[in-house]
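The values are calculated or read from the model by the stated rules, or taken from the named source; none is laboratory data. As the structure is a prediction and not an experimental result, all values here were calculated from the model. As a convention, Cβ positions derive from the backbone with ideal geometry for all residues, glycine included, and neighbour counts pool all protein chains shown.
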Amino acid sequence: MKEVIDYKNYIANEWKAFSKNKISVVNPFTEKEIAKIIDSDQGDVDSAVDSAKKAFESWRNVTPGERANLLLTLANLLEKDKERFAKLESQNQGKTIEMAKLDIDFSVDNLKFFAGACRSLETPAPGKYSKGYSILRRFPLGVVAAITPWNYPLNMACWKFAALAAGNTLILKPSSLTPVTTLELAKLSEKAGFPKGVINIITGSGENVGTMLAKHSGIDAISLTGSTETGKKIMAYASSTLKKVSLELGGKAPFIVFADCDLEKAAKTAVESSTVNSGQDCTAASRIYVEEKVYEKFLFLVKDYAKKIVLGNPSNVKTNLGPLVSKIQRERVAKFINERNTNEKIIYRSKTPRNGFFYPVTVIRDFEQKGNLCQREIFGPVIALSKFKTEEEVLRKANDVSYGLASSVWTNDIKRAIKFSENLDFGEVWINDHLPLVSEMPHGGLKNSGHGVDLSIKAIEEYTYLKHVYIGLQ
């Protein structure tokens with residue numbers, strides 16, 4: 001992006017705004033402004049809600065096949081425009097160009113999946129349970145507001161299109177840090193032929209706009225991907241109107257390594273999944289537990305792989321790690337490391353480029369179970385390790401956090417793998433791998449990681465309600 005783009009809100013297929021206030025959007029690598037967006041006010045929110053409500057009256061009756069065709073058209077347009085979107089995503093968020101391309105590929109796959117899945121929503125077969133005949137049907141909720149995060153801007157926006165697949169209309173609120181690709185997606189949605197008001201995108205600070213959306217009586221459901229703290233606020237605000245709430249929040253994924261696994265592969269994956277997206281991933285391997293008898297060997301392997309990570313210009317295909325999303329995020333990560341317990345030793349710290357919001361790849365041994373490195377979400381390229389002796393010990397420690405999103409176990413013992421998959425209190429358990437997500441399988445958590453799911457046909461069901469239709473036969 002060579003020039004600063006001045007965006008307005010996308011409401012009822014028009015670019016407009018009530019608020020005169022603007023927010024500057026910065027490239028995390030160059031630290032220069034690349035766009036301006038509207039800091040929306042109540043007038044903008046009301047306008048988006050009114051647009052979505054009017055559109056819902058006809059959109060709710062559009063057949064699944066017609067909705068599928070629109071989603072497929074959008075997916076194809078995005079796929080053709082992959083290079084431009086990847087470049088914009090990299091420039092706005094700071095992730096490497098190669099990772100941005102993978103994000104676009106997954107977004108395209110998500111849209112294609114939702115297109116097919118919306119034609120396959122099922123309910124139990126009709127049956128006679130009393131003197132009459134019962135039918136169970138699914139219907140869209142109405143107007144859905146979706147608030148998306150700054151770590152995977154376009155991808156998370158596309159996940160929320162499950163609401164459209166179900167027959168709802170949508171108001172998207174991207175992070176004010178990374179709104180560019182979501183706003184550009186609006187242009188593609190209009191080109192794809194989505195009717196007026198079905199997709200609306202408004203921008204602004206999460207604190208203000210998110211609150212207005214959560215409280216608005218014209219919104220029937222709200223979906224948030226973000227921090228646990230934000231999720232609690234959204235849930236409290238939404239309670240005033242009893243709207244449905246779906247939350248995908250923070251995570252603190254344990255990565256459990258037993259001595260019988262492929263240590264080389266485990267170490268390589270541990271480093272990759274700790275530093276993925278510069279560590280800004282709620283499923284990142286943020287707590288690596290290693291069986292005591294191979295702990296020192298594993299530390300050596302991890303340190304060796306960490307040294308191979310190349311930090312630099314995200315547009316360079318040889319770069320493995322870009323900057324953090326903002327100066328504030330870099331300061332937050334630094335505070336975690338600076339305030340760590342004295343026994344938590346740094347055994348490796350990389351160099352960083354002179355420009356950009358970079359934080360060094362940092363390997364720490366012997367993190368303490370009750371310390372912040374173990375208990376709180378850092379969201380930076382920090383690889384934290386600790387050792388364990390027994391299965392019972394590590395299972396207890398793995399579950400001893402307030403989060404419940406993702407986890408992984410590395411072992412060649414099938415009985416042990418099954419035992420841990422059953423007893424780890426997380427919505428996702430990977431065996432001998434970490435991070436893979438697919439469109440066909442649900443993604444969600446429990447405890448402070450929220451409730452509800454993204455991806456899969458279950459995500460479409462999240463945006464529906466069940467209606468019991470009874471037919472009297474006597």
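In the set (1) outside any loop (DSSP other than H, G, I, E, B); (2) more than 30 Å from Ser421 (Cβ to Cβ), Pro323 fails one condition alone, (1).
The residue that is surrounded by the most Cβ atoms within 10 Å (Cβ to Cβ), among those in segment 316-330 that are closer than 11 Å to Met99 by Cα and among the β-branched types (Val, Ile, Thr), is Thr319. Scanning segment 84-108 for residues that are in a helix (DSSP H, G or I) and under 16 Å from the mean Cα position of the chain (by Cα) gives Glu89, Gln93, Met99, Ala100, Leu102, Asp103, Ile104, Asp105, Phe106, Ser107, Val108.
Quick grid of which residues meet (1) within 17 Å of Ala284 (Cα to Cα); (2) touching a strand residue (DSSP E or B) at 6+ places or on another chain (Cβ under 8 Å); (3) surrounded by fewer than 22 Cβ atoms within 10 Å (Cβ to Cβ); (4) of a type in the set (Ser, Thr, Tyr):
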{"position": "Asn338", "(1), (2), (3), (4)": "no, no, yes, no"}
{"position": "Lys345", "(1), (2), (3), (4)": "no, yes, yes, no"}
{"position": "Arg354", "(1), (2), (3), (4)": "no, no, yes, no"}
{"position": "Val363", "(1), (2), (3), (4)": "yes, yes, no, no"}
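Residues in segment 365-392 that are surrounded by fewer than 17 Cβ atoms within 10 Å (Cβ to Cβ) and β-branched (Val, Ile, Thr): Thr390 only. Looking at Ser456, Ser421, just one residue is closer than 20 Å to Ser246 by Cβ, of a type in the set (S, T, N, Q) and surrounded by 13 or more Cβ atoms within 10 Å (Cβ to Cβ), and that residue is Ser456. Determine whether Lys467 is closer than 30 Å to Ser130 by Cα and out of contact with any helix residue (DSSP H, G or I) (no Cβ under 9 Å at 6 or more places or on another chain). Yes: the conditions hold for Lys467. In segment 385-396, the condition of being closer than 17 Å to Asp281 by Cβ, in a strand (DSSP E or B) and in contact (Cβ under 8 Å) with a residue 24 or more places away in the chain is met by no residue. Hey, any hits in segment 288-297 for a residue that's of a type in the set (Lys, Arg) and not in a helix (DSSP H, G or I)? No; the residues of segment 288-297 include none that is of a type in the set (Lys, Arg) and not in a helix (DSSP H, G or I). Every condition in (1) of a type in the set (Lys, Arg); (2) surrounded by fewer than 15 Cβ atoms within 10 Å (Cβ to Cβ); (3) not in a loop (DSSP other than H, G, I, E, B) is met by Lys112 except one, and the failing one is (2). Checking each residue in segment 1-33 for being among the aliphatic types (A, V, I, L, M), over 25 Å from Ser278 (Cα atoms) and touching a helix residue (DSSP H, G or I) at 6+ places or on another chain (Cβ under 8 Å) picks out Ile5, Ile11, Ala12, Ala17.
The residues listed here are Glu207, Glu184; of these, the one that is assigned by TED's automatic domain parsing to the domain that holds Asp50, modelled with pLDDT of 95 or more and at negative phi is Glu184. Taking first residues from segment 416-435 that are under 17 Å from Phe258 (Cα atoms) and partners that are basic (Lys, Arg), the Cβ contacts under 8 Å between residues at least 6 apart in sequence or on separate chains come to Asn432/Lys265.
One residue alone among Leu405, Leu446, Leu437 is more than 14 Å from the chain's Cα centre (by Cα) and at negative phi, and that residue is Leu446. Please go through (1) closer than 30 Å to Gly279 by Cβ; (2) in contact with a strand residue (DSSP E or B) (Cβ under 9 Å, 6 or more places away or on another chain); (3) in contact (Cβ under 8 Å) with a residue 40 or more places away in the chain for Gly94 and return the number of the only condition it doesn't satisfy. It is condition (2) that Gly94 fails. Looking at Lys244, Lys307, just one residue is touching a residue at least 40 places away in the same chain (Cβ under 8 Å) and surrounded by fewer than 17 Cβ atoms within 10 Å (Cβ to Cβ), and that residue is Lys307.
Residues that are of a type outside the set (Lys, Arg) and buried (at least 16 other Cβ atoms within 10 Å of the Cβ) number at least 2 in the following strands (runs of 3 or more DSSP E) confined to segment 5-83: 9-11, 22-26, 33-38. Could you tell me whether segment 334-355 includes any residue that is in the same structural domain as Val257 (by TED's automatic domain parsing), of a type in the set (Gly, Ala, Ser) and in contact with an Asp or Glu (Cβ under 9 Å, 6 or more places away or on another chain)? Looking for residues that are in the same structural domain as Val257 (by TED's automatic domain parsing), of a type in the set (Gly, Ala, Ser) and in contact with an Asp or Glu (Cβ under 9 Å, 6 or more places away or on another chain), one finds none in segment 334-355, hence no. Summed over segment 400-418, the residues that are crowded, with 16+ Cβ neighbours inside 10 Å and in a helix (DSSP H, G or I) give a count of 2.
Residues in segment 17-62 that are under 19 Å from His216 (Cβ atoms), free of Cβ contacts under 8 Å to residues at least 60 places away in the same chain and either in contact with a strand residue (DSSP E or B) (Cβ under 8 Å, 6 or more places away or on another chain) or aromatic (Phe, Trp, Tyr) (or both): Ala17, Phe18, Ser47.
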